[in-house]
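The structure under discussion appears below in the form of structure tokens.
The values are calculated or read from the model by the stated rules, or taken from the named source; none is laboratory data. Here the structure is a predicted model, which means the values were calculated and not measured. In this analysis, Cβ positions are derived from the backbone assuming ideal geometry, glycine residues included, and neighbour counts consider all displayed protein chains. Surface areas here come from the heavy atoms of the whole protein model, side chains and all, with no ligands, DNA or RNA. Shrake-Rupley method; radii C 1.70, N 1.55, O 1.52, S 1.80 Å.
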Amino acid sequence: MSRATPQGALKLMLVAQIGIGAALLWIDLNASARSGATAPQLFAPPGTGPETRPYAPDRRPGTPAMREMPQRLEFGTEGAAMTLIGQIAPGDAQRFTDYIEAKRAEGARPTALQIDSSGGSVADALAIGRQVRALAMTTAVGEGAVCLSACPYILAGGTTRSADPAAVVGVHQHYFGENTLLPAFLAVEDVQRGQGAVIEYLDEMGVDTLLMAPALKTPPDEIFVLDAEDLRRYRLVTDAPDTEG
């Protein structure tokens, strides 16, 4: 009977470790595939998934698999309806203005805005929302669309506002572009100024400022999904033209 050499034992250990690693990888890939197939988390309609879900700004629901969310807003029009799709990047408020002006030069006057956005720049969302209100546009989040993070501030700009039961509308804490190199007390002041601007905006648009309560309780890497009752209670959706603001 031959005795195992140290080199042989080492080889056996390496083979065993490789086998264990491969098995763990197979299990992980299969679990990911199963979770992706059911997709119960981020994009499940309100009431069919958890209130607080992981936040993925670069993804949006699709069939049969999730689709990429554009890195900045993309605009389109069909008759009097305008679409707004994508993440809200710095500078998108000016791009929105330029697009509207170009359409007016062509003789078009969009009066309804369909939204599908995972959010982004709060300042740009507030600026777009004010333009939407000044233009007396209606806003809506359609079936299978999302309106997350800063996006609800654009939704709030509509003279009337609606969300399909299968749409996902959610809020969370925001970054307000604070510089991480600043002293901590200055960063806190920056965030507080930003929150103050959002509260003033919501009040201006006729939305209940208590919407900030679930937002402030939800960290930036998660999203709090508002159900139909929440949307009505905070007045993010309306049944009649909004005359405030």
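Taking the accessible area of the range 66-179, probe 1.4 Å, and keeping the other protein chains in place, the carbon and sulfur fraction comes to 50%. The heavy atoms of I199 offer some 80 square angstrom of accessible surface to a 1.4 angstrom probe.
Here the Karplus curve 6.51 cos²θ - 1.76 cosθ + 1.60, taken at θ = phi - 60°, turns the phi angles of the range 81-90 into couplings of 9, 10, 10, 9, 10, x, 6, 9, 9, x Hz, with x standing for Gly and Pro. What does the charge add up to near M69, with Lys and Arg as +1, Asp and Glu as -1, over the other residues with Cβ less than 12 Å from its Cβ? Net local charge, M69 excluded: 0. Near the amide H of E222, within less than 5 Å, lie the amide hydrogens of Y55, all on another chain or at least 5 residues away, with H placed in the peptide plane. Maximal additional length on extending the D227-D203 stretch stands at 6.6 nm, based on 0.36 nm per residue less the C-alpha distance. Computed from the C-beta positions of Q71 and L210, the FRET efficiency with R₀ = 22 Å rounds to 0.10. Of the listed residues M66, M212, the order by accessible area with a 1.4 Å probe, largest first, is M66, M212.
Here's how it looks for G86: its modeled amide H is under 5 Å from those of E74, D116, S117, S118, which are all 5 or more places away or on a different chain. Please work out the average accessible area per residue across the range 77-148, using the 1.4 Å probe convention, and give it in Å². I get 40 Å² per residue for this part. Between amide H atoms placed 1.01 Å from N, distances below 5 Å from A166 occur with G144, all of them 5 or more places distant or on a separate chain. The string of couplings for the range 133-149 from the Karplus curve (6.51, -1.76, 1.60, θ = phi - 60°) is 5, 4, 8, 6, 8, 8, 10, 8, 10, x, 4, x, 9, 10, 8, 10, 6 Hz, one whole number per residue in order, with x for Gly and Pro.
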